[in-house]
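The structure appears below as structure tokens.
The values are calculated or read from the model by the stated rules, or taken from the named source; none is laboratory data. If you're wondering where the values come from, they're calculated on a predicted model, not measured in any experiment. Counting neighbours? That spans all protein chains shown, and the Cβs are built from the backbone with ideal geometry, glycine included.
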Amino acid sequence: MDWFPIVLSLRVALLATVVTAAIGVPLAWFLARRHFPGRDLVSATLLTPLVLPPTVLGYYLLMVIGRRGPVGRFLDVRGIELAFTWRAAVLAAVVGSFALLIKTAQAGFESIDQRLEQAAQTLGHSDWSIFWTVSIPLAWRSILAGTVLAFCKALGDFGITLMVAGDIPGRTQTMPLAIYDHVQSNQLAQANSLALISVGLVVVLMLALGRVARLRY
Amino acid sequence: MLSVALRKRLGSFSLDAQWTSRQPIVALVGPSGSGKTLTLQCIAGLVTPDDGRIVCADRELFDSQKRIDVRPQQRKIGYVFQGYALFPHMTVRENIEYGRKQGTRPLFLDRLGLQSLESHYPSELSGGQQQRVALARALATDPDLLLLDEPLSALDAPLRRELCAELSQTLREWGKMAVLVTHDLSEAYQIADVVVLCEGGRTTEAVPKNDLLWNPSSERVARLIGARNILRGAIAGTKPEAVILNWRGVQLEAALSPSHDLRPRTGDELAFFVRPEYVRLIRKNRVVSDNLRQTNLFRGDIVGERDEGTTWILYFRLALAGRPSQGDYDLEIEIPKLAYERLGVATDRQWEVSIHPGSIQVLPSR
């Protein structure tokens, strides 16, 4: 059995989740706690990846990071290839999954009694300190839930990845792509075992998440 | 000294608070939605007023003209939030130490009886214990000013009485300035030195609490403090230190307090109120010997009553022609349950009552 798609998928999903969490958690806090003009527009725009067809997302992403796109050209000059590499797969997974994390984490931050953060202010703590000592500890279950959901979504991305990273066996072929190829070439046994592994991973993660949700702070 | 002058619009609500206190403990009293909490939030810097000036102990905390707006972290203000806002993920000790700087005075743990609870979480505490932790947490930063938003309203009545006394004592011992928000005038009276009344976003000046209850400055203030039997009459004549009022076609003598700068002129109409607990029912089987009881003596009927547990409220209508002054009655009378039973008020509805001239409070008309 070829282990490459499994290892690649896990690596891509893990990296994508780290990136998503690093950008998404502060952004979710910002959306939950700061009022600025155009906040609703930003909030709505961030949700579009959940509802747009993945191929459309992938198409636009390719326009940006492809060799003739603005980012692609910028990187190409510096000798970095992005499109049709595993890095593009990470980017695809980030784009496909960050809306889930932001929505869940934002709801978590919004559910914190605002007086707690105000109390911390009157007790002399800076916004930065309050974020780490009050907001994060009180919203961590939502943040974790969002992170796990984002990881599962990243693990399963098909359309965006296919558009920007291609389906190159041994280089950019992730689990969902491999399953598709196996089915196309009638190798049902291989497709079957990869599909089972996918299901198994997600079920275990969801069970673990349910456990954690019952914990206190 | 604490001086507050601020204006703030929030949607359709507008707050206009202006008061100054030289006394250490101020109570903001008013119904919910009158802008009490918003005032505290502005003082603490959690909400920025549209314009105004806040000065605490010679420190300017906010001045819209000079563009001063000290951040909440730097205001040196302790805040006990309504519902206490304890950090649920921290123990009692962690909560109290959260704001404490190193080298500041030792914790209030033992003083407030919290030592044995220091490793408990807020959800494991009773309401009274939570209140003590919130107080200890706010005081641990050694603030210049303490703000308390309805610190007792989450507690049930017996505990409330106990903690009211305790809070009053703690604040006195602490000795710095405090602003207490409450809707309960008697709570304000027990804890504070001066009272600011709030209504619909507007405030009165800070008034010494005794003046407020015993010498309210206007009919509006009398209504705000819940005075009953607010009546109107015309001045029929004056005596030294007393005024004769024409009310319901009879003469009523009211003592004038020396502090009042009321200069009554015959014919002026004015408002006054009679405290229900000071109206006396005259016992029927005794000759009235006391001179005072012969002034303001009226005959009438009890037309309604209400049992308030330890006291009875009687609605009394004078045996006079004309429309009663308060709907279908003229006076509200409050008597102890014991008196109600001894006098047999339940069956006997015709009485003579007397109103002590000193218990009639004449209100300056403004």
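Here's the yes/no breakdown for (1) at positive phi; (2) among the small types (Gly, Ala, Ser); (3) out of contact with any Gly (no Cβ under 8 Å at 6 or more places or on another chain):
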residue	(1), (2), (3)
B:Asp142	yes, no, yes
B:Glu173	no, no, yes
B:Asp184	no, no, yes
B:Ile191	no, no, yes
B:Val195	no, no, yes
B:Thr204	no, no, yes
B:Ser217	no, yes, yes
B:Ile225	no, no, yes
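Of all the numbered requirements in (1) more than 13 Å from chain B (Cβ to nearest Cβ); (2) over 21 Å from the mean Cα position of the chain (by Cα); (3) not basic (Lys, Arg), A:Leu162 misses one, and that requirement is (2). Based on what the data block shows, is B:Gly304 assigned by TED's automatic domain parsing to the domain that holds B:Lys239 and either in contact with a Leu (Cβ under 6 Å, 6 or more places away or on another chain) or not in a strand (DSSP E or B) (or both)? Answer is no for this residue.
Results for (1) in the same structural domain as B:Ser14 (by TED's automatic domain parsing); (2) surrounded by fewer than 19 Cβ atoms within 10 Å (Cβ to Cβ); (3) of a type in the set (S, T, N, Q), shown as yes or no for each residue.
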{"site": "B:Gln131", "(1), (2), (3)": "yes, no, yes"}
{"site": "B:Asp149", "(1), (2), (3)": "yes, no, no"}
{"site": "B:Ala154", "(1), (2), (3)": "yes, yes, no"}
{"site": "B:Leu167", "(1), (2), (3)": "yes, no, no"}
{"site": "B:Glu173", "(1), (2), (3)": "yes, yes, no"}
{"site": "B:Glu187", "(1), (2), (3)": "yes, no, no"}
{"site": "B:Val195", "(1), (2), (3)": "yes, no, no"}
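For every residue, the table says whether it meets (1) more than 9 Å from chain B (Cβ to nearest Cβ); (2) assigned to a helix (DSSP H, G or I); (3) touching a residue at least 24 places away in the same chain (Cβ under 8 Å).
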position	(1), (2), (3)
A:Leu82	yes, no, no
A:Ala93	yes, yes, yes
A:Ala99	yes, yes, yes
A:Ala105	yes, yes, yes
A:Trp128	yes, yes, no
A:Trp132	yes, yes, no
A:Ser135	yes, yes, yes
A:Ala139	yes, yes, yes
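If the condition is being basic (Lys, Arg), assigned to a loop (DSSP other than H, G, I, E, B) and away from chain B (no Cβ under 14 Å), then segment A:167-217 contributes A:Arg171, A:Arg214.
In the condition set (1) in contact with a Ser or Thr (Cβ under 8 Å, 6 or more places away or on another chain); (2) not in a helix (DSSP H, G or I), B:Leu148 is compliant with all but (1).
Could you please let me know if B:Arg228 is within 15 Å of B:Ser34 (Cα to Cα), touching a residue at least 60 places away in the same chain (Cβ under 8 Å) and either in the same structural domain as B:Arg265 (by TED's automatic domain parsing) or surrounded by fewer than 21 Cβ atoms within 10 Å (Cβ to Cβ) (or both)? Answer is no for this residue. Residue under question is A:Leu116, and the condition is that it be of a type outside the set (Gly, Ala, Ser), away from chain B (no Cβ under 14 Å) and in contact with a Ser or Thr (Cβ under 9 Å, 6 or more places away or on another chain); does it hold? No; evaluated as a whole, the condition is false for this residue. Just one of the numbered conditions (1) within 13 Å of chain A (Cβ to nearest Cβ); (2) buried (at least 18 other Cβ atoms within 10 Å of the Cβ) is not true of B:Val92: (1). Where helices (runs of 4 or more DSSP H) fall entirely within segment B:30-141, those with at least 3 residues that are within 26 Å of the chain's Cα centre (by Cα) and under 30 Å from B:Val221 (Cβ atoms) are at B:36-44.
Within segment B:98-120, being facing chain A (nearest Cβ under 10 Å) and at pLDDT 90 or above holds for one residue alone: B:Tyr98. Considered as a group, the residues in segment B:18-76 that are hydroxyl-bearing (Ser, Thr, Tyr) and within 14 Å of chain A (Cβ to nearest Cβ) include one that is surrounded by the most Cβ atoms within 10 Å (Cβ to Cβ), and that residue is B:Thr37.
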